[in-house]
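See below for the structure under consideration.
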Amino acid sequence: MALDVSVFGEGQRATGGKTVHWQEMWRHELLGALEDDPVVIVPVGSVEQHGPHSPMDVDICHAQAMAVETARAIAEVPTIVAPPVWSGLTHYNLGEVGTITVSAETFIALVSDICRSIWANGFRRLILLHGHGGNRAILQVISIKLAEEDIWVLPISYWDMVMPVLTNEAETDRGFIGHGGEWETSLQLYLRPTMIERSRMIADPEQPGFSEDILSFTGFPERRREREHGVHGDPITASAEKGERLFLAAKERLVDVCRQYHELPVRGYREFCSHCP
């Protein structure tokens, strides 16, 4: 499967087609896009270990690919993909080599300023599409923080859009995206099969700790102590076919989000006089 998930360089220009990448667009294209009130998707992820068999950029790769393919799929709804935010909040993976993280304060400042900049350019429909579980809560905080400034963004975890697939089509990792397990490895096998080292696949048992019923409502933000090889789930049951089904289902749902988002009026507190400058 050859998807265009370029970030810098010629990217879609090399094929002579219209680009969906913010950073590849010419000035007049962005100015023209403003007239159509486009949706802007900001892919957000992380660079961190994903077990012995996976590359470090799994989370940002998935968000980037889904954003690009969604934008390319809906010509009637102008959609732009902003440069991806590859750095994420993943301190709990620092016990594993390859992990790069930023502090909560840095992440909030970085993503908030990116959204403010896009908004200042005149774009009013922003989606923060993330592929890293550690960013989930903090992106919700960022959306609330920005709303106080009358800047409105939608934070979306791609796996929340496809829970029926995760639940009904899993062999081992039922109902959760995992970490280097069945589903993330399946996505990689679909998108970039040469990036998976099958001979190194391993399913880590849970290390001793809180009981399962306690873990259902609490736990520490740490992975190294929980699983020996940093894998949450079972990559051995992964397949490119599963990855394709998950990817296409996520793209379909994101297309629906973009279409509805484009039709809705831009939100604002101040139009109701309930939020004073």
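Summary table below
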| read-out | value |
| --- | --- |
| Residue in segment 220-229 that is surrounded by 13 or more Cβ atoms within 10 Å (Cβ to Cβ), under 19 Å from residue 177 (Cβ atoms), touching a strand residue (DSSP E or B) at 6+ places or on another chain (Cβ under 7 Å) and free of Cβ contacts under 8 Å to residues at least 60 places away in the same chain present | no |
| Selected residue (criterion: surrounded by the most Cβ atoms within 10 Å (Cβ to Cβ)) from residues of segment 68-79 that are among the hydrophobic types (A, V, I, L, M, F, W, C) and under 17 Å from residue 260 (Cβ atoms) | 71 |
| Matching residues, segment 24-47, being at pLDDT below 95 and within 30 Å of residue 183 (Cα to Cα) | none |
| Members of segment 43-101 found to be of a type in the set (Asp, Glu) and farther than 14 Å from residue 135 by Cα, listed by number | 57, 69, 76, 96 |
| Cross-chain or 6+ apart pairs with Cβ under 6 Å, segment 132-146 first and closer than 13 Å to residue 90 by Cβ, then of a type in the set (D, E, K, R) | 132/59 |
| Selection count, segment 149-176, where residues are modelled with pLDDT under 95 and either surrounded by 22 or more Cβ atoms within 10 Å (Cβ to Cβ) or within 16 Å of the chain's Cα centre (by Cα) (or both) | 2 |
| Residue list for segment 199-219, restricted to those being part of a loop (DSSP other than H, G, I, E, B) and either buried (at least 19 other Cβ atoms within 10 Å of the Cβ) or touching a residue at least 40 places away in the same chain (Cβ under 8 Å) (or both) | 201, 202, 203, 204 |
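Here's the yes/no breakdown for (1) touching a residue at least 40 places away in the same chain (Cβ under 8 Å); (2) touching a Cys at 6+ places or on another chain (Cβ under 9 Å); (3) among the charged types (D, E, K, R):
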position	(1), (2), (3)
34	yes, no, no
41	yes, yes, no
48	yes, no, yes
52	yes, no, no
56	yes, no, no
63	yes, no, no
71	yes, yes, no
79	yes, yes, no
83	yes, no, no
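The values are calculated or read from the model by the stated rules, or taken from the named source; none is laboratory data. Since the model is a prediction, treat every value here as computed from it, not as a measurement. As a convention, Cβ positions derive from the backbone with ideal geometry for all residues, glycine included, and neighbour counts pool all protein chains shown.
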